[in-house]
Amino acid sequence: MRFTPQYITFFIISIFFWLMPISVFGQKYANKDYYLIDSLELDKLSDADKLILNKALTNYYKTDLDSLKLKHINSIIELSWDEKLWTRYNSWMNQYLTNKLKGVGLSKKLTPENKLLFSYLAATINNKAIITHEKGNYVQALKYYHECIAIQEQIKDSVLLPEAYNNLGSLYHDIRNYKKAEHFYSKSLLLCKKYNNYRCVAMALTNLGQIFSDRKELDSALNYLERSLRVREFSEETYGIGITYDLIGEVYFRKNDYAKAIDYYTKSLELERKHNDYKGAAISLIYLGNVYVQQKKYKEAKIKGLEALELAQKEKALESQVKATKLLRDVYLGVENWKEAFAMEQHYSKLKDSIQNDRIEESILIKQASFDLEQKQKEIALLSAKNDLQKLTLRNNKIVLCIAIIGIFLISLIAFFTRRVLNKNKQASRLLSQQNEEKQVMMKEIHHRVKNNLQVVNSLLRLQSYEVEDTRVVEMFKNTQRRVLSMAKLHENMYSTENLKLINVRKHLTELVSDIITSYGLGKDINSKMNIIDEEFSIKTLLPLSLIVNEIITNSLKYAFTHKDAGSVILELKKVGHQDFEMIIGDNGIGFHPLDESSGLGTKLINIFTRQLGGSIKILNKKGAFYLLKFKIDDEL
């Protein structure tokens, strides 16, 4: 059989097209000309991401329209789970659009094509903000979010604008500004519903659910999260479903429904492993490990903790490393491996200190950015005033001009001498401001170190108590630990606030009571009913007050619910005069139970702390066991 040139050509082309997929997906580093970016490691991608990439690039090369090309590249960014993959295509798309739109200003008369290009540009900036946000650079992330929103508001982007609001809310959520976070989440949800953006609706519902979960309003949190899950399942958004599974699991964990918590954490872990989401897998493993610790299944908890720590270290996820080391510390304490427990405690404290120092630095950077912005606005206002003055002088005649020149000369002299005075005052003000900032950082560091030292004392007491067999002595150790942790909690709140002199009493006492109930580990359904005035107290007042609360609540958990499966501890603090306060504290348990007998240490401590407050305390004749504390605050500053 003869091979004609036409037949040979056809054979070579057939072989080429048959081998092309192998050459494309078999190599470790792909060709930039085809993939648009350098050194793409295809062998590390999941099968799902390979299909997404192949489909998008095939369609990209089939069209000559920029809008369609960008649509296909954007599909890689939106659908891929691989962070290295989608972030690199996001960078390529941002650079391409920046060059394409160079010289094109934002205006109301944009062509439909340019409007679409600006929409894609805003999306890439939003993605850059997300990446920067996840790395903890809140100042830069805030700049990107505002830049993205400015474009979207100008072009009236109904799709991406609500998502940008939602992301901005997430940033404020991370820096614990819950009021602003809820504002932007709600704003996002309203726009999402208006434009039927189901993906964004689910995201906003998830974030609102997380806020309610953080506030421990668990039923409301579950309502938002279950609504979010239904929307995500309807829109088939697998990545978001994994996040929502974790958050629902966390709510059930806080409700002590461990079986449901494990179910949802496991579902999330399966999705994350399927899509090679190692950061997410580390978080789910930590959640599962914490559940197993509560169930005293230490073998399973250790397996989860070690795998989570390995993934977190591989992905350089510092927060997950902190949580994984804490989990492993609790495991080793549970199996009484004191050596490993102490080593893991030290590793945990070191990692946690690193994160805390980073947050203090971030707080200073945010303040500096705000100061720089204010100075820039003043400079713009000054330049504007000068321009107005120049326009005015040009419209006057010669006589007015002469008068103006004389006037300007006199004003200049006055301004010259005034400016010298102002510059000296400004330099003094800057020096004072710098000293104040340095003092604030120093005070935060002091409170931080005091808190750490108290935690070390607590760890030493806990380890020492394991060597004691007398149950009465062990109980004395535990009571002392709770008092130490109560003081540590106060110092932790001191360095977490902007105002280093005053602490919000409602927030502090609510968290303190919750921590006492959790740490006591009673194994019963004990809830807290709090009605606390929204005031700020100094450490001088709040330290003895916290220790009184610690003694009474601990005593309630010890005696009040002996023959009951459930109950409540109650704390009410109200203002009854200009500087007078009353606190009612107790429980609805079996009745009055003296604090370690009338002459015991608990009673003595309460009387000492009451005298420190300059107040009085007495037992109330009510069902259960209640105390009335009256005290007066003279000057908190």
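Structure notes:
- Computed with the Debye formula from one identical point scatterer per Cα of the range 102-191, without solvent, the log10 of I(q)/I(0) at q = 0.15, 0.19 Å⁻¹ comes to -0.55, -0.82.
- Cα-Cα over 30 Å, subset of Lys115/Lys179; Lys478/Lys564; Lys128/Lys279; Lys339/Lys564: Lys115/Lys179; Lys339/Lys564
- The range 208-282 and the range 561-594: distance between their alpha carbon centers, rounded to Å: 35
- Computed over protein heavy atoms with a 1.4 Å probe, the carbon and sulfur contribution to the accessible area of the range 511-637 reaches 49%.
- Kirkwood hydrodynamic radius of the range 164-310, Cα pairs, Å: 15.6
- Packing, as the average of other Cβ atoms within 10 Å across residues, places the peptides 151-161, 251-261 in the order 151-161, 251-261, highest first.
- Heavy-atom accessible area order for Ser91, Ser320, largest first, 1.4 Å probe: Ser91, Ser320
- Peptides 581-589, 188-196 ranked from most to least packed give 581-589, 188-196, packing being the mean of other C-beta atoms within 10 angstrom over each peptide's residues.
- The rule of thumb for compact globular proteins, 2.2 N^0.38 Å, goes into the C-alpha radius of gyration of the range 191-238 1.12 times.
- Here r is the Cβ-Cβ distance between Asp634 and Ser519 and R0 is 35 Å; the resulting FRET efficiency, rounded to 0.05, is 0.55.
- Peptide ranges 176-184, 507-515 listed from the most packed, as the mean C-beta count within 10 angstrom indicates: 507-515, 176-184
The values are calculated or read from the model by the stated rules, or taken from the named source; none is laboratory data. Please read these numbers as outputs of a predicted model, since none were measured by experiment. Because the Cβ atoms are built from the backbone with ideal geometry, glycine has one as well, and the counts that use them run over all protein chains shown. The protein model used for the area step is the full one, side chains on, heavy atoms only, and it has no ligands, DNA or RNA in it. Shrake-Rupley method; radii C 1.70, N 1.55, O 1.52, S 1.80 Å.
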